[in-house]
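Visitor: Please read through the structure below; I'll follow up with questions.
A short reminder: the numbers here are calculations on the coordinates, not readings from a lab. Note that the structure is predicted; figures quoted are calculated from it, not measured. All Cβ positions, even for glycine, are placed from backbone atoms using ideal geometry, and neighbour counts span all protein chains on display.
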Amino acid sequence: MKTLIIMRHAHATNSGFNDFERKLTPEGVSEAREAGEQLKRAGVVPDLILSSSAVRAAETAGNVATVLNLSDDKLIFDRTIYNCGGEGLLELIHQTSEEVKTLLLTGHNPAVSVLATILTGNRHSMRPAEQIIIRSTAKSWQSFDEFIAYKE
C-alpha cells in the first residue's frame, strides 16, 4: 500500500519578492502547522516530504515536518516542482523510492490541483495549505495511479 498526500503551499506574501522567493505570511505559517497537526491526528505521517524549493513551499514543508518531528533527511527540495504541470508531478511520484510508503508532495497551483484531478477523477481547485490523501494498493510508485483504492 502506498499513500500520497498532495499539498498546496500555505498563504504567501504577494509583494516585495520575485515569485520564487515569496515567503509565508503569519497566517500561512499557522496554516502549515495546522496541516501538520491534522496529519498527526489522522495518523498519516510521511516517510518523505518532496517539496518545491520555492520559499513558500519549502517553508510550508518545513513547518509540517517540524510538527511531525521529521528529521531534515526526510525532506527533499526539488526546483523542478516549481514549474511542473500535473503530469510532471506524477512522473516525479513514479520515481519515488519503493522504501517510501507515505509521500507528502508540496507544490503549487495549478499543478497540484491538476494532479489531484488526474488521480481522483474529480475536479479540484486546491486552497492554500489544503491536503488531499490518496491511497493505492500498488506495490510500487511506478504503478501508483493504476491501483488507487482510497481518496480523502
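Visitor: What do you get for GluC sites (Glu not before Pro) in region 45-116 restricted to DSSP loop and a cutoff of at most 11 other Cβ within 10 Å of the site's Cβ?
Guide: GLU98, GLU99
Visitor: Calculate for the chain the 222 nm mean residue ellipticity that helices alone would give, adding -39,500 (n - 2.57) per DSSP H run of length 4 or more and normalising by residue count, nearest 500 deg cm²/dmol.
Guide: Calculated from helices alone, the mean residue ellipticity at 222 nm is -10500 deg cm²/dmol.
Visitor: Could I ask something else about it? Compute the angle between helix 111-120 and the longest alpha-carbon principal axis of the chain, please, reported from 0 to 90 degrees and rounded to the nearest 10.
Guide: Long axis of 111-120 versus the principal axis of the chain: about 20 degrees.
Visitor: If you fit an axis through the alpha-carbon atoms of helix 26-42 and take the longest principal axis of the Cα set of the chain, what angle between them do you get, 0 to 90°, nearest 10?
Guide: The angle comes out at about 30 degrees.
Visitor: Among MET126, MET7, MET1, rank each residue by its count of other Cβ atoms within 10 Å, from fewest to most, as a rough exposure measure.
Guide: MET1, MET126, MET7
Visitor: Still on this structure: If neighbour count is taken as other Cβ atoms inside 10 Å, put ARG127, ARG8, ARG22, ARG33 in order from fewest to most.
Guide: Placing the least packed residue first, the sequence is ARG127, ARG33, ARG22, ARG8.
Visitor: Moving on to the next point. What ranking do 111-121, 73-83 get when scored by the average of other Cβ atoms within 10 Å per residue, highest first?
Guide: Per-residue mean Cβ counts within 10 Å order the peptides as 111-121, 73-83.
Visitor: Antiparallel DSSP bridges in the chain: what percent, to the nearest 5? Walk me through the numbers on the way to the answer.
Guide: Values: 10 of 24 bridges.
Here the share of antiparallel DSSP bridges comes out near 40 percent.
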